[in-house]
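The values are calculated or read from the model by the stated rules, or taken from the named source; none is laboratory data. This structure is a prediction, so every number in the text was calculated from the model and none was measured. Reconstructed Cβ throughout: ideal geometry from the backbone, glycine too, with neighbour counts over all protein chains shown.
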Amino acid sequence: MTHDDSSDEGPLSLDVPLEERRRKMRSYFWRYKWWFLLGAVFLVLTNLQKFTIPVYIGYAVELMQQAAEGESELELLRANLVWAAIAVVLLAIGGAIARILSRITIFNPGRYIEFDIRNELYEKLADLTPAFYDPAPTGDLTSRVTNDVKSVRVFYALTYLHVINTAVAYAIGIWRMAQVDLQLTLMCLLPYPFLLGGILWLGQALFYQTKVVQSQLSEISTKIQENLSGVSMVKAYAIQDREIDLFSDLNEEFFEEKMHYAVLQGGLQALVGIVAAVGTFILLVVGSSQVVGGELSLGAFVEFNGYVVALAFPTISMGWIFSIWHRGRAAFDRIVEILAREPEIEDPDPEDQLDLPPLESGRSLGRVEMDDVTFGYDDETILENIDLEIPAGSTVAFVGKTGSGKSTLVELLTRLYDPDEGEVRIDGTPIERLPVRQLRSELGFVPQEPLLFSMTVRQNIRFGLDALDYDDTVERQAPTTPLIQPGPDAPRELSQEERIEQAVDVAGLRPDIDSFSDGLETIVGERGVTLSGGQKQRVTLARALLVDPRILILDDALSSVDTQTEQVILDHLDYIMRDRTSIILTHRFNALDRVDCIYVLDEGRIVQTGTHDELIEAGGVYEEMYRRQELEEDLDT
Amino acid sequence: MTTSDDQTTTGDDSRGDSSETDEERPDGVAIGSNFKEERLGDMKDWTIIKRLWRFMRPYRVTFLFCLLLLPVISGLELLQPHLLQIAIDNYITPGELEGIGLVIGAFGGAIVMRAGIQFLQHYLMQRAGQNALVDLRQELFEHVQDRPLGFFHDTPVGRLMARMTTDVKSLQNALSSGIITMAGDLIMLTGIVVILLYKSWRLALVSFTVLPFLIAITAFFRHYLREAFREVRTKVARLYAHLQESITGMEIIQLFVREHVSADEYRDINEEYRDANLRSIRYDAMLYAIVEAIGSITIGAIIWYGSGQVLDGLITLGVLVAFIEYMKKFFVPIRDLAEKYNQLQSAIASGERIFQLLDNEQKVPEVDSPAPLPERPFRIEFNNVWFAYNDDEWVLRDVDFEMAPGERVALVGHTGAGKSTIINLLMRFYDVDRGEILVNGTDIREFDLQAYRSTFAVVLQDVFLFEGTIRENITLRDDTIDEETLHRAAEAVHVDELVERYEGGWEHGVEERGANLSSGEKQLVSFARALVHQPEVLVLDEATASVDADTEALLQDAVETLLSQQTSLVIAHRLSTIESSDRILVLDDGEIIERGTHGELIELGGHYETLHELQYATSSETSEPKVAE
Ligand SMILES: Nc1ncnc2c1ncn2[C@@H]1O[C@H](COP(=O)(O)OP(=O)(O)OP(=O)(O)O)[C@@H](O)[C@H]1O
Ligand SMILES: Nc1ncnc2c1ncn2[C@@H]1O[C@H](COP(=O)(O)OP(=O)(O)OP(=O)(O)O)[C@@H](O)[C@H]1O
Ligand SMILES: [Mg+2]
Ligand SMILES: [Mg+2]
């Protein structure tokens, strides 16, 4: 039973031994064991209260019957009856206190566990690399952090509450009932095992049907998500009718499954009604003749009725336990699939750890070497035996056909991926021996596809400064160097506000910012949708420049920028990156005559190296590509 | 609770310094912090319920039938204590067993019948409710499909998702069981009150003395509970927004070593969320326990007062027992009512948000009797078009141009000049503010929107691939596109080479947003998408920006051969792409400043010529004589 609960196949599935999963699950419980223990104590108290009230009811009935038979003195009887009433009231008050405390002590740790797991998940997610993220559907990930964590909380709090409560209720209830009459107890409890069995069976069926309903529901959500994020495509190709049909099919299927579910749920509800009344029924069948026969007093009869009714709820609650239990475990397994994942990229052991030589002005840094680097995302090799050396302080370019592996190559520098073979060194230090975050804090990466956060333009630009400013685990301090060549008596150190302004200028964003009525405080919309393509790219450029990187990587970062703006940007870069290394990936040739070296990539190999002129001279792939552009132009003019 | 020690064991120790980080960080820098709390409108509860009724209406017969079953169910349940009373008074106390079988039989019968009817009622109600929800979900989806693009730019996907999933779900609880159980509870309560008053009005009045307290206390706690829940709701939305953005942008977060800062932000929101929940647990526990206690106190009162009545011979012992049983049944619905009421409240709040979305009438206006689509090929005219996304920030000023049938027109200009905006207008993603756009002389606002758009094929600047196979991404699941068209288009844009590399071929999986393809490859796929749809007008917005020159040339050939008759509009920064166009428009700050063929513009020696110079700075050095004609 335990095995088929583990989560389904999928990009996120991970084989974690059952023992390990359960150990982890227990560990959260142990973390808050005192809360839970206290909760159990209060549950015992509540149940004691609950099962003591019938005693007084029975006692009162007894007294009244005595009165009817004229056995005792009336005044005394009245006094005793008042005492019985007061006892019930006192019990009620004590019970309320115990009940409040029992719920708080059991539900609170549930929330604490939820809090812990959410944080741990987030921190784990922050450690995982694209190799994990790319195939993982965003919806699936968010659902694990939200819905599954919720199921797990419910698991801890409610299973504990109900299981303990039911056990305690049965123990106390049977004990009390046995004190009244053992035989009658056995008779009255006779149907309970069957009813319990029925309830558990229905609970189980409900659980499996819930799974079906849930997966149907998540298909609906996936459809909506896909439709919404691809909305411009949906509109451009006018396929919304098709989308509506697809949605309608999913919607109908969901309805069907939900109706199966309703049958089971209705069954459970009907059963609940039976459980609530069956005890009294049996008591009537068996007990009434006993009372008449004089074996049982009427008071005991009524008291007994109080017990069987009080057992109804604990019995019924077992119906939910099955779902909660299994859903919680399955959800936990899905969570463990994330928590137990080892990040593919890890910091070196402390004793192996090296540092980069510090950045000083006037000293050229940012030498990049690759030794025989081979890499593939999966089985297929994307980069093969890459050997190169980029001298410190130089500007180089990578060109090559679409899909030749340019982006992949520079991603190896950032350790978003590690090479399968070979070594990458920066300023002589193998990057595997650098702490990952130290390495990344030295890089300025402008990705090929600009991604912004739905913050203001200013917040997006200063995105990389936050860690340097506020995170103590990052050694690097926020740079203060100017981004624009200062005049002879201009300050050498600038505030971040000033640097942001300069970054705006350097990235050529000034006219754009000026045209926004909110200027830098303009909110850019999800992923930056309200900016033009080129504006987005330049914001990401400014973001990278602001951290004063040792190595700047522009992955086709100016493809949506016009040539004029591009020239201006490149001129500025000459100053900012004067002692640093810049790596430019591009499909445009106009910038290539200003770089120190061009690497031509073809199908994952470096096929040519040299300056523009050398490469033209040498002939080959580069010269061909270049001629083609030129040729097209010739044809037109 | 003072055991706050437990809380400090939270999280791992390696990040012990996080609290320090908290203090320094200025507010509002957090990811997702610009998430605007949604303002709730002032829709009346009643209005919302009335509007919800519209969805229930088609199923009203079932619904009413279920309502009719409710008194039956309650009656059968309330019969049970009465039968107990009869058994005690008429048979057990007098010691007379003859005939009790009938009473017991009736008791058993009531149990079974109640179960059966309850089942029926539940099933039918679910059927009606779920049907209504299917309709609602469908209407929401279709409604959202009709919103203009601008709506999606202002509304985060996450929020729309929440409307269409979470809120619908919370309505589900109310529609398919909440309302009816609440009605059932009310009927039950009334039934009990009536029965008790009938059995012994004195004892009944004594028993009900607690009611005012009960109501006051419930109202009191409910107020605090509602506050707590409201807080929980806003926090959960922020938590979600933060998570969602973090997951999509995790690579960037990592590259800018912002993991810890982000995790701290997340932790802060998470903590507020937790604390709001702890508060709600507290109020909820008190409400629950106090209602329960009041129930027991009432039993005390019944014993105190009722026993006197029994002793005085005013009521029988059986009545007293029945009273206690009725009272036990009385407090369960009362307690549930409070909970159901909360559920209903949140359902109404969800309903309000859903209706706000449904009320959003932002729409690309459509005419009642659309003009028939014109004869192909298309002649497209922009007549003095003005446009602004936000008031007064003119993005296009007086744009005026014409595309003859079969002509290739190119748009060039600075970034942010408004090139993509022109496409947005042509596709009617937005409508012009002033001026008009004509196709063969008819204003494009006259056409049926869907029909009009389907004559275009666009490769947008932001390529979108969805999770699915390569084939699906090209055909967009259009079954009418045959293999041959697909293969021809793929071959033309070299997607076939890509497909051959994959084991799964055409069925190879594309990951979300095309994460497992290179940027250029993504553009090729969306180019193929444009070609297989065999459009009247081809629109390319930087469609080859991430593609190398070789491949680009091949793409151009493909367009030339496959779509030679079609009108096309091309935007490119790489001038080599557009030099052969029939006409080039140079856009600057929303205005067309130059127009003509490549040759004419070079001759003109204006803005275009400067751009061209810059782009071919290298080429002019190596091949001077050829260019300088
Ligand atoms: N959805 C939007 N909401 C508000 N402003 C927008 C929106 N889309 C674009 N803009 C603004 O309109 C202006 C023109 O944008 P557009 O996308 O048309 O430029 P573009 O010429 O295509 O530039 P690029 O070459 O960079 O793609 C820009 O200033 C941009 O910020
Ligand atoms: N995450 C991934 N998983 C699997 N394959 C990938 C992944 N990313 C890229 N690839 C494949 O690796 C090859 C190289 O991709 P890369 O992005 O490095 O190309 P590129 O040279 O940058 O191309 P472009 O000029 O289009 O940007 C491509 O064929 C691509 O399909
Ligand atoms: Mg690339
Ligand atoms: Mg654009």
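Determine whether residue A:289 is among the hydroxyl-bearing types (Ser, Thr, Tyr) and either more than 21 Å from residue A:62 (Cα to Cα) or more than 7 Å from chain B (Cβ to nearest Cβ) (or both). Even if it seems obvious, please write down each step before you answer.
Values: among the hydroxyl-bearing types (Ser, Thr, Tyr): yes; either more than 21 Å from residue A:62 (Cα to Cα) or more than 7 Å from chain B (Cβ to nearest Cβ) (or both): no.
No: the conditions fail for residue A:289.
Within region B:409-432, does at least one residue satisfy the condition of being over 20 Å from residue B:363 (Cβ atoms), assigned to a loop (DSSP other than H, G, I, E, B) and more than 16 Å from ligand 1 (Cβ to nearest atom)?
No, that holds for no residue.
Scan region B:533-542 for residues that are away from ligand 1 (no atom under 16 Å from the Cβ) and crowded, with 23+ Cβ neighbours inside 10 Å and jot them down.
Within region B:533-542, B:533, B:538 meet the criteria.
Give the residue that is farthest from the other protein chains (Cβ to nearest Cβ), with candidates limited to residues of region B:452-494 that are surrounded by fewer than 20 Cβ atoms within 10 Å (Cβ to Cβ) and within 16 Å of ligand 1 (Cβ to nearest atom).
Checked region B:452-494; the qualifying residue farthest from the other protein chains (Cβ to nearest Cβ) is B:462.
Within region A:330-372, count every residue that is more than 17 Å from the chain's Cα centre (by Cα), more than 30 Å from residue A:606 (Cα to Cα) and either without any contact (Cβ under 8 Å) to a residue 60 or more places away in the chain or not in a loop (DSSP other than H, G, I, E, B) (or both).
Qualifying residue count for the region: 6.
Table: residues versus (1) assigned to a helix (DSSP H, G or I); (2) among the basic types (Lys, Arg); (3) at pLDDT 80 or above; (4) under 20 Å from residue A:559 (Cα atoms).
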position: B:555; (1), (2), (3), (4): yes, no, yes, yes
position: B:570; (1), (2), (3), (4): no, no, yes, yes
position: B:581; (1), (2), (3), (4): no, no, yes, no
position: B:592; (1), (2), (3), (4): no, no, yes, no
position: B:595; (1), (2), (3), (4): no, yes, yes, no
position: B:620; (1), (2), (3), (4): yes, no, no, no
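Kindly evaluate residue A:408 against the criterion of being modelled with pLDDT of 90 or more, within 16 Å of ligand 3 (Cβ to nearest atom), β-branched (Val, Ile, Thr) and touching a Lys or Arg at 6+ places or on another chain (Cβ under 9 Å).
no
Among the residues of region A:520-537, are any crowded, with 24+ Cβ neighbours inside 10 Å, within 16 Å of ligand 2 (Cβ to nearest atom) and over 35 Å from the mean Cα position of the chain (by Cα)?
no
Please verify whether region B:558-566 includes one or more residues that are away from chain A (no Cβ under 11 Å), away from ligand 3 (no atom under 15 Å from the Cβ) and crowded, with 23+ Cβ neighbours inside 10 Å.
So far as region B:558-566 goes, no, none of its residues is away from chain A (no Cβ under 11 Å), away from ligand 3 (no atom under 15 Å from the Cβ) and crowded, with 23+ Cβ neighbours inside 10 Å.
Do the conditions hold for residue B:526, that is, is it within 16 Å of ligand 4 (Cβ to nearest atom) and touching a Phe, Trp or Tyr at 6+ places or on another chain (Cβ under 8 Å)?
So residue B:526 passes the test.
Please specify each residue of region B:310-324 satisfying the condition of being more than 8 Å from chain A (Cβ to nearest Cβ) and modelled with pLDDT of 85 or more.
Correct list: B:314, B:315, B:316, B:318, B:319, B:322, B:323.
Do the conditions hold for residue B:575, that is, is it at the interface with another protein chain (Cβ under 10 Å from one of its Cβ atoms), within 11 Å of ligand 2 (Cβ to nearest atom) and among the hydrophobic types (A, V, I, L, M, F, W, C)?
Answer is no for this residue.
Could you say whether any residue in region B:185-202 is within 25 Å of residue A:524 (Cβ to Cβ) and either acidic (Asp, Glu) or in contact with a Lys or Arg (Cβ under 9 Å, 6 or more places away or on another chain) (or both)?
The answer is no; no qualifying residue exists.
Any idea which residue in region B:62-109 is nearest to the chain's Cα centre (by Cα), counting only those that are of a type in the set (Val, Ile, Thr) and at pLDDT below 90? Talk me through it step by step, then tell me what you get.
Restricting attention to region B:62-109, the residues satisfying the condition of being of a type in the set (Val, Ile, Thr) are B:62, B:72-73, B:86, B:88, B:92-93, B:100, B:103-104.
The next check asks that each one be at pLDDT below 90; those that pass are B:88, B:92-93, B:100.
Working: B:88: 59, B:92: 62, B:93: 64, B:100: 60 Å.
Result: B:88.
Filter region B:585-618 down to the residues that are surrounded by fewer than 18 Cβ atoms within 10 Å (Cβ to Cβ) and among the acidic types (Asp, Glu), then identify the one that is farthest from the chain's Cα centre (by Cα).
Checked region B:585-618; the qualifying residue farthest from the chain's Cα centre (by Cα) is B:603.
Please determine, by comparing only the residues of region A:127-151 that are over 12 Å from the mean Cα position of the chain (by Cα), more than 7 Å from chain B (Cβ to nearest Cβ) and farther than 19 Å from residue B:263 by Cα, which one is surrounded by the most Cβ atoms within 10 Å (Cβ to Cβ).
Only one residue fits best here, namely A:151.
Looking only at region A:223-275, count every residue that is more than 7 Å from every other protein chain (Cβ to nearest Cβ), in contact (Cβ under 8 Å) with a residue 12 or more places away in the chain and either closer than 16 Å to residue B:140 by Cβ or among the aromatic types (Phe, Trp, Tyr) (or both) and tell me the total.
6
For region A:505-555, enumerate the residues that are of a type in the set (S, T, N, Q) and more than 16 Å from ligand 4 (Cβ to nearest atom).
A:517, A:522
When you go through A:558, A:570, A:552, A:541 one by one, which is the residue that is touching a Phe, Trp or Tyr at 6+ places or on another chain (Cβ under 9 Å) and either outside the structural domain of residue A:506 (by TED's automatic domain parsing) or of a type outside the set (Lys, Arg) (or both)?
The match here is A:552.
Could you look through region A:511-551, keep only residues that are of a type in the set (D, E, K, R) and within 26 Å of residue A:481 (Cα to Cα), and pick out the one that is nearest to ligand 1 (Cβ to nearest atom)?
A:512
I'd like the full set of residues that are of a type in the set (A, V, I, L, M), outside any helix (DSSP H, G or I) and more than 25 Å from residue B:463 (Cα to Cα), limited to region A:516-574. Talk me through it step by step, then tell me what you get.
Looking only at region A:516-574, we keep the residues that are of a type in the set (A, V, I, L, M), and these are A:520, A:523-524, A:529, A:531, A:539, A:541-542, A:544-547, A:551-554, A:557-558, A:561, A:568-570, A:573.
This time we only want the ones that are outside any helix (DSSP H, G or I), so: A:523-524, A:529, A:531, A:546-547, A:551-554, A:557-558, A:561.
The answer is A:546, A:547, A:551, A:552.
For region B:111-125, give me each residue that is within 8 Å of chain A (Cβ to nearest Cβ), in contact (Cβ under 8 Å) with a residue 12 or more places away in the chain and more than 13 Å from residue B:65 (Cβ to Cβ).
B:111, B:114, B:118
Please determine whether any residue of region B:495-505 is closer than 25 Å to residue B:452 by Cβ, part of a helix (DSSP H, G or I), away from ligand 1 (no atom under 16 Å from the Cβ) and more than 9 Å from chain A (Cβ to nearest Cβ).
Looking through region B:495-505, none of the residues is closer than 25 Å to residue B:452 by Cβ, part of a helix (DSSP H, G or I), away from ligand 1 (no atom under 16 Å from the Cβ) and more than 9 Å from chain A (Cβ to nearest Cβ).
Mind checking which residues of region A:87-97 are more than 7 Å from chain B (Cβ to nearest Cβ) and under 13 Å from residue B:298 (Cα atoms)? Let's see the steps before the verdict.
Here is the first cut: in region A:87-97, the ones more than 7 Å from chain B (Cβ to nearest Cβ) are A:87, A:90, A:94, A:97.
Passing the criteria: A:87, A:90.
From the residues in region A:378-405 that are of a type in the set (Ser, Thr, Tyr) and away from ligand 3 (no atom under 13 Å from the Cβ), which one is farthest from the other protein chains (Cβ to nearest Cβ)? Even if it seems obvious, please write down each step before you answer.
Keep residues of region A:378-405 that are of a type in the set (Ser, Thr, Tyr), which gives A:381, A:394-395, A:402, A:404.
Within this subset, residues satisfying the condition of being away from ligand 3 (no atom under 13 Å from the Cβ) are A:381, A:394-395.
Details: A:381: 12, A:394: 19, A:395: 15 Å.
Here the answer is A:394.
Among the residues of region A:560-581, is there at least one that is in contact with a Pro (Cβ under 9 Å, 6 or more places away or on another chain), within 16 Å of ligand 4 (Cβ to nearest atom) and either acidic (Asp, Glu) or more than 9 Å from chain B (Cβ to nearest Cβ) (or both)?
Scanning region A:560-581, I find no residue that is in contact with a Pro (Cβ under 9 Å, 6 or more places away or on another chain), within 16 Å of ligand 4 (Cβ to nearest atom) and either acidic (Asp, Glu) or more than 9 Å from chain B (Cβ to nearest Cβ) (or both), so the answer is no.
Select from region A:98-113 the residues that are free of Cβ contacts under 8 Å to residues at least 60 places away in the same chain and more than 7 Å from chain B (Cβ to nearest Cβ) and list them in ascending order.
Within region A:98-113, A:98, A:110 qualify.
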